[in-house]
Amino acid sequence: MVFLLGAPSLAAPTPAVAATAAAPAKSASAKAGASKADEPLWSEGASKAALPKNGPINMQSFVKLAGTLGPAVVNVVAIQTADGPDDRPGSGSGGGDKPRGHGRGQGTGFVIHKSGYILTNSHVIEGADDIRVRLSDERELSARLVGRDERTDIALLKIDAGSSLAVTPLGNSDDVQIGEWVIAIGNPFGLDHTVTAGIISAKGRRDVRPGGSQSGYYDFIQTDASINPGNSGGPLINARGEVIGINTAMNAQAQGIGFAIPINMAKVIAPMLRQFGKAPRSWMGVYPQSVTVNLKKAFNLPDGRGALVSDVVNDSPAAKAGMQAGDVILDFDGHSIKRADDLMWLVATTAAGKRVPMTVYRKGAQSKVEVTLQAAPEEPERTATPKLPPGHKSPLGMTVSEISPGIARELGNSQLRGVVVMSVEPESPAVEAGLERGDIIMRVGEANVLGLDDYARAVRGVGHGDMIRLLVKRDGKNSWFAFQKR
């Protein structure tokens with residue numbers, strides 16, 4: 001599927017993660033807000049437009065919501081005057097809402113504080129030299145970028161309107177239910193204050209990648225309320241008149257399906273943006289992956305929840321705490337971990353320096369581990385796929401070869417050991433499990449693989465019907481793969 005950023009027209013990015021992060025959201029808001037202002041950055045609770053609980057929904061219901069909350073929705077105009085190529089994700093044909101050399105991009109935002117704080121999407125104002133906000137009374141004001149976070153696609157703006165502004169109260173996206181009515185207010189194709197209605201059609205969508213981005217925290221609410229270019233950054237509002245999401249992306253191949261960032265995620269990020277201008281992240285030093293059905297069988301896990309550790313960074317907080325590849329993190333600081341995304345979000349939004357307890361499953365037993373988080377370092381650049389030498393047929397549906405000194409140099413690691421996958425047989429269990437040409441197999445089950453001899457010994461004892469697990473390095477990162485030998 002192809003997803004386009006759901007923002008403006010130039011003439012042609014809770015649910016599960018938010019739920020597990022509910023406690024961090026409150027603490028982060030309190031810490032970030034206290035140093036800048038005594039009053040909260042937003043208000044909560046049903047608005048004056050709230051519909052009766054469990055009452056009937058009719059046309060006048062939407063009229064009430066739109067009339068009350070519409071004045072707090074603004075048009076965001078991002079102006080770029082500097083020259084430069086536009087090679088950002090989502091640019092080009094089919095567009096997004098980002099300004100492109102000497103251009104104007106339009107999106108949406110909504111006021112969360114009467115003094116002029118506005119939430120929108122980071123991609124709406126990315127690359128802008130000047131940001132303008134047009135209010136419902138037709139005033140156009142200059143906006144200051146307080147801060148932005150690309151990983152969550154959230155930005156915080158500030159305007160000085162000279163008077164108290166209408167605001168949108170924020171709700172609790174953890175309470176969102178599939179099937180409930182919502183409205184979206186935005187500026188699709190530059191058409192100010194367009195209102196569309198629909199229902200929540202799904203939540204916890206983590207396989208949506210706006211603009212093709214692979215590095216972010218995604219846990220979208222899905223709605224069939226119409227979202228089009230220009231809607232990005234606008235509010236998704238429930239029947240209580242509360243914002244429960246920030247409209248962010250649209251599916252270009254399936255009309256009527258749009259996606260919104262859970263507002264609980266914004267509650268974590270916005271106070272950080274106000275205080276620091278960015279969202280500082282913490283780091284533990286593990287590469288986690290979710291537990292698939294095959295991995296559950298291969299590791300003899302009691303259930304399919306948790307974050308499976310595929311690699312531990314040397315001298316990281318996790319390494320110092322004794323973490324190992326193959327460990328499964330079941331809970332973090334009292335929060336149950338269902339999948340890898342939960343762990344990544346919780347680690348990132350927990351204060352650096354905090355000593356955090358975890359429950360870890362290792363080789364059939366649970367144990368308690370404590371880790372002291374650090375500020376996140378810069379992410380290393382990924383290495384290119386190496387050129388591969390001739391290989392040898394493997395009984396697992398792959399052809400593998402020794403790692404030559406040349407391949408090790410190309411991968412930027414002269415000490416790299418293992419065997420490299422030359423090819424994967426079509427319709428084999430290996431290809432179904434996701435193994436690819438260029439993968440480096442470093443471990444088979446509990447056996448470390450330093451070369452072909454180790455690999456041959458390890459796979460020799462695998463019988464037909466046995467579940468096998470492989471530790472694989474790809475693009476500089478380790479992952480576990482598991483499949484049943486035929």
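The values are calculated or read from the model by the stated rules, or taken from the named source; none is laboratory data. Here the structure is a predicted model, which is why all the values come from computation and not from measurement. Note: ideal-geometry Cβ built from the backbone for every residue, glycine included; neighbour counts use all protein chains shown.
Hand me the list of helices (runs of 4 or more DSSP H) wholly inside segment 393-486 holding 3 or more residues that are within 32 Å of the chain's Cα centre (by Cα). Show your work before the answer.
Working: elements: 405-410, 429-433, 452-460.
Passing ranges, in order: 429-433.
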- Scope segment 252-308; condition surrounded by fewer than 17 Cβ atoms within 10 Å (Cβ to Cβ) and of a type in the set (A, V, I, L, M); matching residues: 252, 254, 293
- Message: Every residue in segment 336-376 that is of a type in the set (A, V, I, L, M, F, W, C) and exposed (fewer than 14 other Cβ atoms within 10 Å of the Cβ), please.
- Response: 365, 375
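In segment 320-384, which strands (runs of 3 or more DSSP E) lie fully inside it and hold 2 or more residues that are under 22 Å from residue 272 (Cα atoms), modelled with pLDDT of 95 or more and not assigned by TED's automatic domain parsing to the domain that holds residue 207?
355-362
Tell me, which strands (runs of 3 or more DSSP E) wholly within segment 122-218 include 1 or more residues that are acidic (Asp, Glu)?
Numbers: elements: 130-134, 140-142, 144-149, 154-158, 181-186, 194-205.
Hits in segment 122-218: 130-134, 140-142, 144-149.
Condition test on residue 275, is it over 20 Å from residue 473 (Cβ atoms) and either outside the structural domain of residue 440 (by TED's automatic domain parsing) or not in a loop (DSSP other than H, G, I, E, B) (or both)? First the steps, then the outcome.
Working: over 20 Å from residue 473 (Cβ atoms): yes; either outside the structural domain of residue 440 (by TED's automatic domain parsing) or not in a loop (DSSP other than H, G, I, E, B) (or both): yes.
When the stated conditions are applied, residue 275 passes them.
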- Query: Does segment 58-78 contain at least one residue that is of a type in the set (Ser, Thr, Tyr) and modelled with pLDDT under 55?
  - Reply: no
- Task: Please work out if residue 238 is farther than 28 Å from residue 350 by Cα, modelled with pLDDT under 95, touching a Ser or Thr at 6+ places or on another chain (Cβ under 8 Å) and in the same structural domain as residue 175 (by TED's automatic domain parsing).
- Result: no
- Message: Based on this model, can you work out whether residue 454 counts as in contact with a Lys or Arg (Cβ under 8 Å, 6 or more places away or on another chain), within 22 Å of residue 326 (Cα to Cα) and charged (D, E, K, R)?
- Response: no
